[in-house]
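K.L.:
Before I ask anything, let me first share the structure, which is written out below as structure tokens.
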Amino acid sequence: MELINEESAGELLQAQTHVWNHIFNFINSMTLKCAVQLGIPDVIQKHGKPMTLSELVSALPIHPSKAQYVHRLMRILVHSGFFSQQNLNQEAYSLTQSTRLLLKDNPLSMRPLLLMLLDPVLTKPHDCLSTWFQNDEATAFSVAHERTLWEYAGQDPRLSNLFNEAMASDSILASKLVLNQCKGIFDGVDSLVDVGGGSGTMAKGIAEAFPHMDCTVFDLPRVVSDLQGSKNLKYVGGDMFEAVPAADVILLKWTLHDWSDEDCVKILKQCKHAIMSKGQQKAGKVIIIDIVRESQNGEESNETQLLWDLEMMVTVTGLERNEMEWAKLFFDAGFVSYKIHNVLGTRALIELHP
């Protein structure tokens, strides 16, 4: 047997730890999901001050036999940065900025997005990834469920509701950021269509900020058929691959990353036609909110972009694109210029002109 010297032993042990940590990375996700499902962030928020372990155990909806394990759950969540810990007479927990984004009553809550992405329906395809690489299925989601994500959501109201709630919660934060950072992009705009707008949260925020603007939420009939418009907001059902209603601005928030390059070009061509139709006084523009890969310098943002890219590969036929890949789509669809605004953290806002 080959002997291991001191230097190689150190490298080997470091590599072993690295492998272990990646093997167990899913535990970070699942313990966070557990904390959200038990309502731990909400319980501590309601307490109004750092909450001791005994106070937390007493307030949680858990079986008495599980009380002894709560401190172990909290220990990993403190390590992950979702709670801070201080020692009073006993250890006590407070929320961090990340945990506040998981509170039920926070208007900007990411809780619905977490519950959707960590639902077994969406985690199971990741377990089928190696099988997918060895067959001709379009996605690992299809390997796991024998149908596409869109077909599954169309047949399963629970998953469809999870998806709509997740997109709506994200749109609250996105709309506030867009209106705060880029309000000028809507100057002179009299009409807007939010393509794939779901329940209309993004369009509602824009409609409230610009009462003169006619805003339309455009999505599949099954998504919008029961939704009621108000004042300057209305809902229209249809298929973005076939036609998009005419408007000064077409908004595509977190839509194109779901689709292949070929499908994106089809969607963009319909959007181009919509902003250049005969009813428009002048050519409008398309506004895209999506990831522009490699546009961020932070290591955490770059990792997030790569993880989202794999999520798109596994669940749908899309991907997260860098600027060169975006530009090819735009030019293939007949647009002549674009401008990227890196104002939305991991994502960006892109103005696209015909």
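K.L.:
Is at least one residue of region 270-282 assigned to a strand (DSSP E or B), β-branched (Val, Ile, Thr) and surrounded by 15 or more Cβ atoms within 10 Å (Cβ to Cβ)?
P.N.:
First pass over region 270-282, keeping only residues assigned to a strand (DSSP E or B): none.
No, region 270-282 has no match at all.
K.L.:
Filtering region 207-250 down to residues that are part of a helix (DSSP H, G or I) and touching a residue at least 40 places away in the same chain (Cβ under 8 Å), which residue is farthest from residue 174 (Cα to Cα)?
P.N.:
Checked region 207-250; the qualifying residue farthest from residue 174 (Cα to Cα) is 222.
K.L.:
Something else: Starting from residues that are surrounded by fewer than 14 Cβ atoms within 10 Å (Cβ to Cβ) and among the small types (Gly, Ala, Ser), keep the ones in region 330-344 and report whichever is nearest to residue 285 (Cα to Cα).
P.N.:
337
K.L.:
Quick one: which helices (runs of 4 or more DSSP H) lie wholly within region 1-97 and hold at least 3 residues that are within 30 Å of residue 307 (Cβ to Cβ)?
P.N.:
Values: elements: 6-23, 25-38, 40-47, 53-59, 70-79.
Of the helices (runs of 4 or more DSSP H) lying wholly inside region 1-97, those with at least 3 residues that are within 30 Å of residue 307 (Cβ to Cβ) span 6-23, 25-38, 40-47, 70-79.
K.L.:
Going by the conditions given, is residue 309 surrounded by fewer than 18 Cβ atoms within 10 Å (Cβ to Cβ), without any contact (Cβ under 8 Å) to a residue 60 or more places away in the chain and not small (Gly, Ala, Ser)? Working first, answer last.
P.N.:
Values: surrounded by fewer than 18 Cβ atoms within 10 Å (Cβ to Cβ): yes; without any contact (Cβ under 8 Å) to a residue 60 or more places away in the chain: yes; not small (Gly, Ala, Ser): yes.
Judged against the criteria, residue 309 is a match.
K.L.:
If you take the residues in region 105-144 that are part of a loop (DSSP other than H, G, I, E, B) and under 13 Å from the mean Cα position of the chain (by Cα), which one is nearest to residue 23 (Cα to Cα)?
P.N.:
Of all residues in region 105-144, those part of a loop (DSSP other than H, G, I, E, B) come to 105-110, 118-119, 134-139.
Subsequent filtering for residues that are under 13 Å from the mean Cα position of the chain (by Cα) retains 108-110, 118.
Details: 108: 31, 109: 29, 110: 25, 118: 17 Å.
Of everything passing the filter in region 105-144, 118 is nearest to residue 23 (Cα to Cα).
K.L.:
Report whether or not residue 327 is exposed (fewer than 14 other Cβ atoms within 10 Å of the Cβ) and of a type outside the set (S, T, N, Q). Working first, answer last.
P.N.:
Working: exposed (fewer than 14 other Cβ atoms within 10 Å of the Cβ): no; of a type outside the set (S, T, N, Q): yes.
No; evaluated as a whole, the condition is false for this residue.
K.L.:
Determine whether residue 56 is assigned by the TED database to the domain that holds residue 314 and modelled with pLDDT of 95 or more.
P.N.:
Values: assigned by the TED database to the domain that holds residue 314: no; modelled with pLDDT of 95 or more: yes.
So residue 56 does not fit the description; no.
K.L.:
Would you tally the residues in region 320-347 being assigned to a loop (DSSP other than H, G, I, E, B), modelled with pLDDT under 95 and under 19 Å from the mean Cα position of the chain (by Cα)?
P.N.:
Number of matching residues: 2.
K.L.:
Then there is this: Determine which single condition residue 120 fails, assuming it passes every other condition in (1) surrounded by fewer than 16 Cβ atoms within 10 Å (Cβ to Cβ); (2) free of Cβ contacts under 8 Å to residues at least 24 places away in the same chain; (3) farther than 30 Å from residue 106 by Cβ.
P.N.:
Looking at each condition in turn, residue 120 falls short on (3).
K.L.:
While we're on this one: Sort through 234, 183 and tell me the only one that's farther than 21 Å from residue 259 by Cα, more than 19 Å from the chain's Cα centre (by Cα) and modelled with pLDDT of 90 or more. Before the answer, list the steps.
P.N.:
Numbers: 183 fails: modelled with pLDDT of 90 or more.
Residue meeting the stated conditions: 234.
K.L.:
Quick check on this structure: which one of 199, 191 is more than 23 Å from residue 276 (Cα to Cα), crowded, with 17+ Cβ neighbours inside 10 Å and not aliphatic (A, V, I, L, M)? Step through it out loud before you land on a result.
P.N.:
Details: 191 fails: more than 23 Å from residue 276 (Cα to Cα).
Matching residue, one of 199, 191: 199.
The values are calculated or read from the model by the stated rules, or taken from the named source; none is laboratory data. For clarity, every value in this text was computed on a predicted model and none was experimentally measured. Glycine gets a Cβ as well: all are built from the backbone with ideal geometry, and neighbour counts include every protein chain shown.
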